[in-house]
Amino acid sequence: MRSVLVGLAYYMVRELPGLTSSFVALFVGMLAFDLIVSLPKFSLRFKHLKKLFLLVLPRISGTALSLGTGLFLGLIFGGLIKIGLPVLIGAVFTLGLSYSFSAEFKGNISNYVGMIAGIELFDQIRRLEYWGEEWMQELAGPAGRMIYSTFLALLIGWFIGIIIGSITRLFLSRGYRSIKSNAYDQPLLMRSFKDVTKLDGNKVLLQIELSAESPLANHSLAESRLGSELGIQVLSIIRPPHDVLSPRGSDVLLPLDQLVVVLPSEQVKTLISLMKGRVLSE
């Protein structure tokens, strides 16, 4: 059914200008398809259709915001290069800001939709040969066509993905998830520790090595007072071949131990000073 979805989505947007339209329709259609096929229960009854609507609506709006932001940034920086901004800087800011803003939109399921749309509009503006007093008229043509075709492709992709996904889900005995899809969270084993634990904004995860010169070496965790005085939680001690998970206060810290800790961001420099070792990951 995925091949049917891809073929139908491409056919529906084939007349729309720009490569971005095809990309948006195909990518968003696949995400909508995967989202619906993964539902634990589904039927044509009102309660299931209502649940589907409530599930899809915030994702449509979030992805549309991502798309709109990318187009807006492409328009702004495309215009700026026409009045002197270096093309490289304009392209970097278009892509970078599109990705950063898209990541903040609740419900957005693809940062790349905004990035692709933004850089495509940026490139179209860059290619404009005439940039005189009537530059607004020159800009309105490609910008208007790009915005129209991309948003239309977004709606077409969602529509086809929802229809094909709903039909497919009706014939499945249970929900099905692909670990390669971006429509939902990956299994725990494939996600980073930070994503799983949802650390507060003030907390950081750190892996740091204990130097033999550290005053903490050969002392127990309780004696180190890392938790009581600095608010540092030691999650594990990496000490091949026998690592220590959830260490106790009586566990002794040895030189070359690697500590995995969660701590307030303002205590990072203090911990590095105490450990006198290398920060292995952050």
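Only lysine pairs 8 or more places apart, or on different chains, with alpha-carbon atoms under 21 angstrom apart are counted in the range 2-170, and they number 4. First measure r as the distance between the Cβ atoms of LYS82 and TYR112, then evaluate 1/(1 + (r/R0)^6) with R0 = 30 Å and state the FRET efficiency to the nearest 0.05. Calculated transfer efficiency: 0.70.
Put simply, the convex hull of the Cα atoms in the range 1-131 casts, on average, a shadow of 9.3 nm². With neighbour counts taken as other beta-carbon atoms within 10 Å, the residues LEU152, LEU5 rank, fewest first, as LEU152, LEU5. Note on LEU259, LEU54, LEU39: ascending count of other Cβ atoms within 10 Å places them as LEU54, LEU39, LEU259, the fewest first. Cβ crowding within 10 Å, taken as a proxy for footprinting-reagent exposure, orders THR69, THR63, THR270 from fewest neighbours to most as THR270, THR69, THR63. Rounded to a whole number of µm²/s, how large is the Stokes-Einstein D of the range 192-281 at 37 °C and 0.692 mPa s, given Rh as the Kirkwood radius over C-alpha pairs? The calculation lands on 251 µm²/s. Towards the positive end of the charge dipole of the range 41-126, with charges on Cβ (+1 Lys, Arg; -1 Asp, Glu), say which of PRO58, SER43, PHE93 has the farthest Cα. Toward the positive end, the furthest listed residue is SER43. A full extension of the chain between ARG225 and LYS51 corresponds to an added length of 57.6 nm, given 0.36 nm per residue minus the alpha carbon distance. Which net charge results for the neighbourhood of GLY74, defined as the other residues with beta-carbon distances under 15 angstrom from its beta-carbon, given Lys and Arg at +1 and Asp and Glu at -1? The answer is +2.
Values quoted throughout were computed directly from the atomic coordinates according to the rules given, and no laboratory measurement underlies them. Worth saying up front: this structure is predicted, and the values here are computed from it rather than measured. Methodologically, a virtual Cβ is constructed for each residue, glycine included, from the backbone with ideal geometry; neighbour enumeration extends over all protein chains shown.
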